[in-house]
Amino acid sequence: MPDHSLREIYSYHSATAPDPANPVDLGLPEYALNVANKGLYDQLLGFPDGDTSSDLDELIQWIRGVDTEDEDQDGSITDNRWLIADPLHGSPLALTYGCVGGTSGTPCPDTGTNAIVKVLAAANDGSIRLFNGSNDPVLGGQEEWAFYPQQVLINQTPLKDNPQGDHIYGVDSTPTVIQFDSDGDAIIDPDKGEFVRAFFTMRRGGTSIFALDVTPDISGGLVDNSTGKITPQYLWRIDGQSSLFPEFTNLGQTWSQPKPAFVRVPKSGGGSGDSEYKEVLIFGGGYDPNQDNGYGTSNIGNSIFIIDAATGERIWWASNEVVVDGNGDAPDLVLAEMDYPIPSDIALLDTNGDGATNRLYVGDMGGQVWRIDLDDQLGGGTSGPAASQDQSSGARLAVLSNTNPAAANIEDHRKFFYAPDVIQTDDTIFAGQEYDLVTIVSGDRTNPLEQDVLNRAYGLRDYMISEPLTETGQYPLRHGVDTDGDGNDDLFDTTDNLIQAGDATQQQAAKDSLIASSGWFIDLTDSGSKIGEKGLSSPVVLAGKLFFTTFVPGLRDPCQASEGSGRLYGIDAINASALFEDWLAGGDDTKLETGDRTFALGGGIPSSAVPIFQKQGVTLLIGTGGGARSVDPDIDLPRVRTYWYEE
């Protein structure tokens, strides 16, 4: 970390939001967060306008990295302090900008160690930072700059004072990045219009989304690992529930990570029905902290937004019939039952391979799973020629909670905080047709220690892949209900794994039931008893194998510390059977047993199972309380998406 006197620290002080048509150059002197500029930042830091006290100077110096509180107890209050705050729910993101000695237009050699890497990271002190990610013994790991959005400046005094109480949150997220390399040479050259743009949400820290341009300043792009050649440009900002941003008045805490995508919108200057690609960000309406207190509906966060990635302008949104924005405008798509916040990321699907996202899946705080179909005239309105109208549609694929908020139904008050994983499959054994398989796991991220809800993992079949989903016939899917009247429950309970572990009669009966159903579920229990097990991350499907992690709370004993434990599930995505003979400790490694569906990860809340693709195969990497665990998913070859067409 550079000495506090040498650090590049930026903030923003204007009462108006940045104009994406004229991005703010944070390298200008007025945006430096230092004592000389205290008159620009005094009120944002919680001091009176024009304050000249030493307390304000001391706070700014503390932000810059001076150990004004003698945190290291070395007797000095002028040396450097430890500066890295907690990224509690976020992860750093490494970006490749070029290669050492490279020339724009000439592809970089695939040497790995030759790459010029920068690392973006955010933390709960409110900082957004760029680090040098090289292996250089001097420059590697060095902070290049830090940016504190003005929304987090008010938190700096309590962070400095460090009182007992609730955790203070800032920019608690993993960045989303759009990196445009026009010629694929792996060198980001601004002269060719190439760019890197990063987007940050706040999670518990607030209701804002921030967009920065972190393209190199240097003509031709970066050619070495030196620092100081990327000055951030502040592109735009969104504040939820703010009069400054009337299009986002029901945006909650920004938990949902914006997903980059291309969609089709009406073509500018085109004829009726003509469309063109638009690069966008897609995200859920966020979290309402009132959900901390239980289970129920809310008109904060119960939306899906699609915005222009370059400007932050809203292109399209969906919510219920009650919600209107600050301009009095109703959603583009009104869905009567979209009554619960959506803090989850959105799963995106391009169903026809044309390069544009046209289908979304997501769960909400009411245990509902939504499917949205996006028209090629997205945001085009509902008037004028039929060919130019936005015919986007949506419906609930499943209702997997008892939506009665009464305490008597608490076991069925399931919530979805994390995105599903969706695969397109042609199932010739259990369905005899193609469908979208939507895998999702319930669990309350805000209350990981609760043990009252019976959480479940699901594999939901969406058969209506060639037409809009409607809430008629067999949908929405429910537990223990025969929605379509065919004499079979919508979802097959495969908790006991009878399709694999039963006797011949039980196996056949289970197979018949799964064939007749529209999906499966597994109770997250221990021998039929609730233990508070819950999913606190997204599942992932690899080569037909479904992997997801869960958390099991420890004992509620005030005299005994227990951090709980994590589990990894590895099952067949189609029928939820076990795949790994040696996962059950003390089991029979010569055959598959129900206990082989889970692998013990050790203490703490585990991360999602992240696939690491290498030339020799695929490895799953999972963060746990004791560090990272590596698990072999038994997939020999790297998995890549392959495109084909037929004339």
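The values are calculated or read from the model by the stated rules, or taken from the named source; none is laboratory data. Here the structure is a predicted model, which means the values were calculated and not measured. As a convention, Cβ positions derive from the backbone with ideal geometry for all residues, glycine included, and neighbour counts pool all protein chains shown. Just so you know, the surface numbers come from the protein's heavy atoms only, side chains and all, with ligands and any DNA or RNA stripped out. Shrake-Rupley method; radii C 1.70, N 1.55, O 1.52, S 1.80 Å.
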Magnitude of the charge dipole, the chain, Cβ model with Lys/Arg +1 and Asp/Glu -1, debye to 20: 120 debye
Amide H contacts of Phe195 (H built 1.01 Å from N, under 5 Å, at least 5 apart or other chain): Phe180
Spin-label zone in region 217-246 - amide nitrogen under 12 Å from a point set 7 Å from the Cα of Asp183 along the C-beta vector: 220-221
Protein accessible area in region 245-335, 1.4 Å probe - carbon and sulfur %: 44 percent
Nearest-ten-degree value, helix 54-64 long axis tilted from longest Cα axis of the chain: 60 degrees
Per-residue [θ]222 nm for the chain (sum of -39500 (n - 2.57) over DSSP H runs n ≥ 4, rounded to 500): -1500 deg cm²/dmol
HN-Hα J in Hz across region 255-269 - Karplus 6.51, -1.76, 1.60, θ = phi - 60°, x for Gly and Pro: 8, 6, 6, x, 9, x, 6, 9, 10, 9, 10, x, 6, 5, x
Distant-in-sequence amide H partners of Leu542 (H built 1.01 Å from N, under 5 Å): Phe547
Within the chain, percent of DSSP bridges classed antiparallel, to nearest 5: 95 percent
Using a Förster distance of 35 Å, the FRET efficiency for Leu93-Asp274 (Cβ separation, nearest 0.05): 0.45
FRET efficiency, Gln508 to Glu434 (Cβ-Cβ, R0 25 Å, nearest 0.05): 0.50
Reach of Lys278 by Cα under 17 Å, taken over lysines that are not fewer than 8 positions away in the same chain: Lys259, Lys267
Extension gain, Ile465 back to Asp632 (0.36 nm per residue minus Cα-Cα distance, nm): 56.8 nm
Zone residues, region 590-607, relative to Lys545, backbone N less than 19 Å from point 7 Å out along Cα-to-Cβ: 590-602, 607
Model label zone, Asn114; criterion: amide N under 19 Å from point 7 Å along Cα-to-beta-carbon; scope region 222-254: 222-226
Length added when fully stretched, Ser242-Asp486, from 0.36 nm per residue minus Cα-Cα: 82.9 nm
In Hz, Karplus ³J(HN,Hα) per residue of region 341-349 (6.51, -1.76, 1.60; θ = phi - 60°; x = Gly, Pro): x, 10, x, 6, 5, 9, 8, 10, 9
The chain: relative contact order as a whole-number percent, Cα under 8 Å and 6+ apart: 7 percent
Inter-label distance for Gln43 and Gln614, nm, one decimal - labels placed 7 Å from Cα along Cα-to-Cβ: 5.6 nm
Folded to 0 to 90 degrees: helix 504-516 orientation relative to the chain principal axis, Cα: 60 degrees
Among 436-442, 426-432, the order from most to least packed when residues are scored by Cβ within 10 Å on average: 436-442, 426-432
Residues of the chain: accessible area per residue with a 1.4 Å probe, Å²: 42 Å²
Dipole-positive endmost among Pro175, Asn114, Val152 within the chain (Cβ charges, Cα centre): Asn114
Prolate/oblate/rounded call for region 474-579, Cα gyration tensor, a/c under 1.5 rounded: prolate
Percent carbon-and-sulfur accessible area, region 481-635, ignoring ligands, DNA and RNA, probe 1.4 Å: 48 percent
Local electrostatic count, Asn80, Cβ distance below 10 Å [Lys/Arg +1, Asp/Glu -1]: -1
Förster radius 51 Å - calculated FRET efficiency between Asp292 and Asn135 (Cβ-Cβ, nearest 0.05): 0.70
Span from the region 82-103 Cα centroid across to the region 408-483 one, whole angstrom: 36 Å
For region 336-390: rounded, prolate or oblate by the Cα gyration tensor [a/c cutoff 1.5]: oblate
Global form of region 372-488, assessed from the alpha-carbon gyration tensor, a/c cut-off 1.5: prolate
Packing rank of 1-8, 625-632, where each peptide gets the mean count of other beta carbons within 10 Å, highest leading: 1-8, 625-632
Convex hull projection area averaged over all views, region 94-247, Cα basis, nm²: 10.8 nm²
For peptides 572-579, 610-617, 59-66, sequence by mean Cβ density within 10 Å, most packed first: 59-66, 572-579, 610-617
